[in-house]
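Remarks on the structure that follows.
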Amino acid sequence: MVSIDMEAVGRLIEGRRVLVTGAGGSIGSELAAQIASLQPQSLALVDHDDSLLHAVHRTLIGFPAVFPVLADIRDAARLAEVFETYRPEVVFHAAALKHVPALESAPDEGWKTNVLGSRNVLAAAEAAGVERFVNISTDKAADPVSVLGNTKRIAEQLTAAVAARAGAPYVSVRFGNVI
């Protein structure tokens, strides 16, 4: 059983500018809902799928300062604009391609999103002086035998490299299929 210290998480979020990538996805939308309830100063919801972004934003209408942002993590220039506009202090990076069979049949897409896209998000975060960065990874990165596991493992390594260079708490958190 996983136990989360919501009081500690609340101290991290309350009154801060927060950005979530992949906010329309299964993990990102749950993160967005929980973060919104912790009273951030602002919450930027980033996703490339306008329908998913609209849907998650509608669930958070009652919360102030929630901004839907249509952007693709594969587009470094757009990410730079987003980070300049919203100036996040805390980033939760949940955007990824996550389905093993899909990635096995289209490995280049996994590379472009999970590796290059993550690199773009990390670069934008570092350039913007983001204080805390949480990369949402997968248990499949522990002993990678698939495109998903390998691309997410590389994203973890990129996150660790930026953390070391920036001297900031940039971390990766692995989620399994069931928490």
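Given R0 = 22 Å, the distance between the Cβ atoms of ALA65 and ALA161 translates into a calculated FRET efficiency of 0.10. Protein-only accessible surface at a 1.4 angstrom probe places the residues GLU14, GLU84 in the order GLU84, GLU14, largest first.
Placing dummy labels 7 Å off each Cα toward the beta-carbon, the span from ALA8 to ALA76 is 3.5 nm. For segment 1-133, the solvent-accessible area of protein heavy atoms averages 51 Å² per residue (probe radius 1.4 Å; ligands and nucleic acids excluded). Helix screen, the chain: DSSP H segments with Cα axial length of 24 Å or more and mean Kyte-Doolittle hydropathy at least -1.0 are 147-166. Applying 1/(1 + (r/R0)^6) with R0 = 25 Å to the Cβ-Cβ distance of ALA106 and VAL171 gives a FRET efficiency near 0.30. Here segment 97-133 and segment 15-46 have alpha carbon centers that stand 18 Å from each other. Only protein atoms count toward the accessible area here, which uses a 1.4 Å probe; on segment 1-84, the carbon and sulfur part of that area reaches 54 percent. Taken over segment 25-179, the percentage of Cα pairs per 10 Å bin, counting from 0 up to the bin with the maximum distance, is 11, 41, 38, 10, 0.
Per the Debye formula with a single identical scatterer at each Cα and no solvent contribution, what log10 I(q)/I(0) holds for segment 82-139 at q = 0.12, 0.17, 0.18 Å⁻¹? Per q value, in the given order, log10 I(q)/I(0) is -0.33, -0.59, -0.64. Across the chain, C-alpha contacts under 8 Å between residues 6 or more apart give a mean separation that, scaled by the residue count, equals a relative contact order of 19 percent.
The values are calculated or read from the model by the stated rules, or taken from the named source; none is laboratory data. Here the structure is a predicted model, which is why all the values come from computation and not from measurement. Heads up, the Cβs are rebuilt from the backbone with ideal geometry, glycines too, and the neighbour counts pull from every protein chain shown. With ligands, DNA and RNA removed, areas are computed over all heavy atoms of the protein, side chains included. Shrake-Rupley method; radii C 1.70, N 1.55, O 1.52, S 1.80 Å.
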